[in-house]
Structures are given as structure tokens and as C-alpha cells.
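Have a look at the structure below, then the notes.
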């Protein structure tokens, strides 16, 4: 996946097939049963990447810690692809206290140096500081709105946006709602939250459902979207 293209789990290994075959449904060959999946998942996709598509991407997330984690990981797409990020997810969780904003917001220079010097994590000091600063911003939002979830989900009226895209080329890099969220987050002091990153976050958090309509996950995510928003 190119670093610029962060709107979805995109195909990380492109085949040499003719253009007319690009939009044919692919099949998840790693599953026990053949299933139609989004075209950016191929037989060459890493298992952790396929699992993210099959189990997480597009499912509504309401927990503040999980939302903070997804926002942080979406910001990492400026430096890595989803597979690289997901393979280090457990390391990130350990380093950032399970992405508890109240704990991360209190991290000081020692924690910053420990995390940024960890070669397994591979996060620059500036990126670590950004995540900590964003945690502080989330804390201020929690004081104002009661939860980060209540604030962020309010932008979609507490119900996922259900898109019905047939082809990868239909899936946008950004949306008006992502631009509105980005503008307000930046105003509140957040960093690395441009509209493209925010839209990727919205997709991962299930605020917008961008599975292609013939993907087996599309209807699953729609069913989850029909459930009412809840504060966790």
C-alpha cells in the first residue's frame, strides 16, 4: 500500500492482470470457505492484514481507548502501511498503556525516550510526542463532552455512514465529514489529523462503511450499523 493512499486496506501486491479484470471480486483463500472480499485483499495479502479486513475494519467502535488507538494507528499510515502497523499492534498497546488517554497524557520524557528508542516499535520521537499530545487533547474533549466517543460519533449523528461502492476506484480519500472533523481536531490542538488520515480512521472505526457491496463483510457491518450508538 502506498503511504499516500490511506483510505482503506488497499491491495499491497498488485498483479499484472489486465485492467478489465481489476474489479472482479477476489476470494479470501486464507479462509476455510471461499468468500467474496474487497478487491484489495488478495491471496498474497498478509494474514494479519486479512484478519483486520475480515474481523475489524468497518465494525463500529465506541470505546474511547479503542478509538484513540485507531486514531493513533491511522496517523502512522503516513510512515507505514496497515500490515506493518498491525504486526506491531501489541507492542504499541504495551508502550502506550493500552491507549488509555488518561495514562498516556501523563507520560513524560522518560517514557518518550524509552518508546522512541525501542527498535521493535520503530516510532520516531516526534510521533511519540504527537500521540501523547493527542491524548491530552482527548482528555479535554472528555471533560467537555463526557467521552471522546460522544464527541466523534456526533459528526455522523451517532450512526455509521453506509456507502455502497462497487469498485475500489469509487472509494474516496476523504469526505466532507472527515474534513469537518479534521478542522475541529486541528483547532483543538491535535496533530497528524488531516482529512485523509481522519477518513482512514473513520473507516477503521466503522463510522463509515466502505467495504465493497459484494464483499462478505458488507452486510455484517451494515447489521452492526443498525444497532444504536452506545457510550462504553
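Each reported figure results from applying straightforward, stated rules to the coordinates on display, with no laboratory input. The structure displayed is predicted, hence computed values, not measured ones. Virtual Cβ from ideal backbone geometry, glycine too; neighbours counted across all protein chains shown.
Here are some notes:
- Translational diffusion of segment 47-89, estimated by Stokes-Einstein from the Kirkwood radius over alpha carbon pairs at 20 °C in a medium of 1.002 mPa s, is 197 µm² per second.
- Computed Kirkwood radius, in angstrom, where 1/r is averaged over Cα pairs of segment 117-232: 15.7
- For segment 135-196, convex hull volume per residue from C-alpha positions, Å³: 89
- Cα centroid separation - segment 79-151 against segment 176-232, whole Å: 19
- With R₀ fixed at 35 Å, the C-beta to C-beta distance from residue 43 to residue 188 puts the FRET efficiency at about 0.25.
- Difference of contour (0.36 nm per residue) and Cα-Cα distance, residue 220 to residue 55: 58.4 nm
- Along principal axes, Cα extents of segment 77-160, largest first, whole Å: 41, 29, 19
- More than 14 Å apart - percent of Cα-Cα pairs taken over segment 169-232: 63
- Sites residue 213 and residue 79 - FRET efficiency at Förster radius 35 Å, r taken between beta-carbons, to 0.05: 0.65
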